[in-house]
1. Would you rank Arg274, Arg82 by solvent-accessible area, highest first, keeping every protein chain in place and using a 1.4 Å probe?
2. Quick check on segment 32-146: take the gyration tensor over C-alpha atoms, sort the square-rooted eigenvalues as a ≥ b ≥ c, and tell me if it's rounded (a/c under 1.5), prolate or oblate.
3. Quick one: plug the Kirkwood hydrodynamic radius of segment 105-227 (C-alpha pairs) into Stokes-Einstein at 37 °C, 0.692 mPa s, and report D in µm²/s.
4. At 1.4 Å probe size, what's the solvent-accessible area of Lys116? Round to the nearest 10 Å².
5. Could you name the aspartates and glutamates in cross-link range of Lys125, using Cα to Cα under 18 Å and dropping any fewer than eight places away on the same chain?
6. Quantify how much of the Cα-Cα distance distribution of segment 168-258 extends past 21 Å, in percent.
7. How many Å² of accessible area per residue for segment 1-50, probe 1.4 Å?
8. Would you work out the charge dipole size for the chain about its Cα centre, treating the Cβ of every Lys and Arg as +1 and the Cβ of every Asp and Glu as -1, and quote it to the nearest 20 debye?
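The values are calculated or read from the model by the stated rules, or taken from the named source; none is laboratory data. Since the structure is predicted, the reported quantities are computational estimates derived from the model, not experimental observations. Counting neighbours? That spans all protein chains shown, and the Cβs are built from the backbone with ideal geometry, glycine included. Calculation scope for accessible area: heavy atoms of the full protein, side chains included, ligands and nucleic acids excluded. Shrake-Rupley method; radii C 1.70, N 1.55, O 1.52, S 1.80 Å.
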Amino acid sequence: MQMAEVNHRWLLRTRPVGMPKDSDFELVEEPVPAPTEGEILVRVEMLSCDPTQRGWLGRDTYLPAVNIGEVVRSLGGGRVVRSRHPGFSEGDLVSGLVGWQDYAVIKPVGVFGVTKLPPGMPLEKALGTLGPNGLTAYFGLLDIGRPQPGETVVVSSAAGATGSLVGQIAKLKGCRAIGIAGGAEKCRWLTEVAGSDAAIDYKADRVEQKLADACPKGIDIYFDNVGGEILDAALARLAFHGRVVLCGAIADYNATEPPPGPRNYLALLNQRGRMEGFNVLDYYARAQEAVTELADWIAQGKLKDRVDVQRGLENAPAALRRLFLGQNQGKQLLRVAN
Ligand SMILES: NC(=O)c1ccc[n+]([C@@H]2O[C@H](COP(=O)([O-])OP(=O)(O)OC[C@H]3O[C@@H](n4cnc5c(N)ncnc54)[C@H](OP(=O)(O)O)[C@@H]3O)[C@@H](O)[C@H]2O)c1
């Protein structure tokens, strides 16, 4: 395979305060590295943009923070161009934590490793609907939310990579699905394409009022991707034995002060409710269950997904910001090579 002479890499220069800026990072050129025994060299083709990267840049979370001067951590995928690992061959397509760079040397084991894609699976699917976002939606809703037919499921960031799947899986399981998203276009997509029973534009509508209209019997499951005021509005409408699936809180990820606690948390007591967080990493051993069912629904035309592909490694910081500006139309990806 023809290889570029240099490896462009984005290094973390300063910990972002608020929205990540270009100047928090530095784009450097280094020689293409060589794998040693047990390692592989991957030509990165596609990067996944994920809200959790904001946490990795700032502090230790469920993974240690990225160190200053280190390559920016990112999920992505590409082709093996040199292998010194018996389980991988040149040309294999892999996905995992490849980082913001053209070439990654990887020891393919554990959380920081990569896995081979099944034959025929494109990177766009492996990084989104049949990868982390699909597993998050599937296990978050089904395992933590435990929906029953006829129940009302509300999801925030409903037109995003994860939320768009939650609403559709809720419908496939016989529930009513109400999506909350920013802007008329995303709300139109929810009701006209994704089959949501109603959509609430949190940038234009009064969310509490609209939730009351759309959920006359209350919310049985609120799948929370955003936290903040929308979480409070959903808590205020929680049904008896309602469940809040704590998936993420993107409204708070760039906050410079700790966010205020949810004001309406006593709804959990009054309604005998439950709020439970989860991390998709805990479900990777069961990934095949989800991938089989999700792939089946896609093949039958029952599950729609949207990918939003930006281009060019030089645009990595801007592509990440799109998530926090609500500019992504579905799963945000960044193509860095063909
Ligand atoms: N627990 C886990 O294991 C796990 C795994 C994956 C993802 N997550 C979480 O799931 C959530 C969604 O992630 P994703 O990858 O699917 O991203 P996404 O929903 O595709 O993209 C992020 C979206 O967040 C919305 N948003 C941004 N700022 C907001 C704000 N201040 N208030 C309300 N909405 C805002 C925007 O949509 P609008 O245009 O609608 O505002 C934006 O498009 C995140 O919280 C993420 O951390 C958790």
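1. Details: Arg274 70, Arg82 105 Å².
Ranking Arg274, Arg82 by accessible area, largest first, yields Arg82, Arg274.
2. Because a/c hits 1.5 or more and a/b fails to exceed b/c, segment 32-146 counts as oblate.
3. After rounding, the answer is 214 µm²/s.
4. My reading of the accessible area for Lys116 is about 100 Å².
5. Of all the aspartates and glutamates, those that pass the test against Lys125 - Cα under 18 Å, at least 8 places apart if same chain - are Glu45, Asp50, Asp92, Glu289, Glu293, Asp296, Asp305, Asp308.
6. Value for segment 168-258 (Cα pairs over 21 Å): 29 percent.
7. On a per-residue basis, 50 Å².
8. Working: 38 positive and 39 negative charges, 118 e Å.
Dipole size: approximately 560 debye.
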